[in-house]
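Presented below is the structure to which this report refers.
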Amino acid sequence: MDPLPFVANLLFAFGISYPILRHRLTDLNVFVTRATIYAVVLLVIVALFVLAEWLIGRLFERAPQFVALIIVLALGISVRWIHAFVENRLTAIVFHKRIAGLNDMRRVAREADIATDSHALLQVACATMHRALDISAVGFYLRDGSEYVLLRAAGDVPWPDAFDMNSALLLRLRRWNEPFETLDAGGGHQTLVLPMSARGALVGFVCCGPKADRTAYLTDEIDALSYLATEVGVACAWLSQPAGLHQELSPA
């Protein structure tokens with residue numbers, strides 16, 4: 001065996017796998033699970049076609065050729081439906097906890113506009129985020145004058161009591177007003193920061209520590225967390241307005 005191609009392939013595989021593992025370019029747990037689901041789906045489809053071919057051969061040995069062709073054509077057309085059905089069922093079974101958590105956050109986000117107390121709303125939102133994705137720690141900050149103060153927290157990370165307007169985290173958050181990961185939130189670990197905005201103003205923000213399984217935040221998870229943070233920010237901004245303004249703007 002020529003060792004040169006073997007070493008070259010080994011270095012090539014290492015060059016691909018190292019940045020994926022080092023910089024968390026993809027969540028390997030989800031990747032492997034998805035690959036397993038697709039393998040099971042493929043096996044189910046192959047098994048169905050083998051079974052169908054056997055049944056056609058047994059039942060239609062003396063039947064006209066076009067009858068078997070029609071049945072095979074019907075099976076071919078239904079492959080896409082079979083694939084979607086099996087994949088959806090397997091995904092719901094394997095990722096049921098994660099899907100339930102995302103749906104829970106979206107539900108709380110839709111309910112935020114009927115809250116009557118901002119502190120109670122922050123408590124519900126904080127507990128929901130902490131529980132839904134098994135996040136190690138969550139902290140909610142709201143603006144109080146020239147700084148953002150910690151009002152609600154869950155988990156074991158000692159978040160700072162307040163952030164100044166000109167701190168590194170707030171400069172980035174106020175400038176871009178979008179989710180990002182940073183080490184500037186304290187605790188010495190990577191933190192996902194989510195803005196809470198209302199009418200273009202930064203009402204507050206949310207700090208989410210690492211997940212318990214130490215996997216990266218996926219796109220749909222960040223979207224669900226951002227949706228909840230935004231709706232809570234809008235509700236808190238509304239509740240901070242004078243009661244007379246509420247009565248003027250409320251629908252009859």
Inset, instruction - Look through segment 201-221, keep the residues that are at pLDDT below 95 and among the β-branched types (Val, Ile, Thr), and return whichever of them is surrounded by the fewest Cβ atoms within 10 Å (Cβ to Cβ). - result: Thr219
Legend entry - Any chance Leu202 is more than 21 Å from Pro158 (Cβ to Cβ) and in contact (Cβ under 8 Å) with a residue 60 or more places away in the chain: no
Inset, instruction - Of the conditions (1) touching a residue at least 40 places away in the same chain (Cβ under 8 Å); (2) surrounded by fewer than 21 Cβ atoms within 10 Å (Cβ to Cβ), Leu142 clears all except one; give me its number. - result: (2)
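The values are calculated or read from the model by the stated rules, or taken from the named source; none is laboratory data. In this text, all values refer to a predicted model and were calculated from it rather than measured experimentally. All Cβ positions, even for glycine, are placed from backbone atoms using ideal geometry, and neighbour counts span all protein chains on display.
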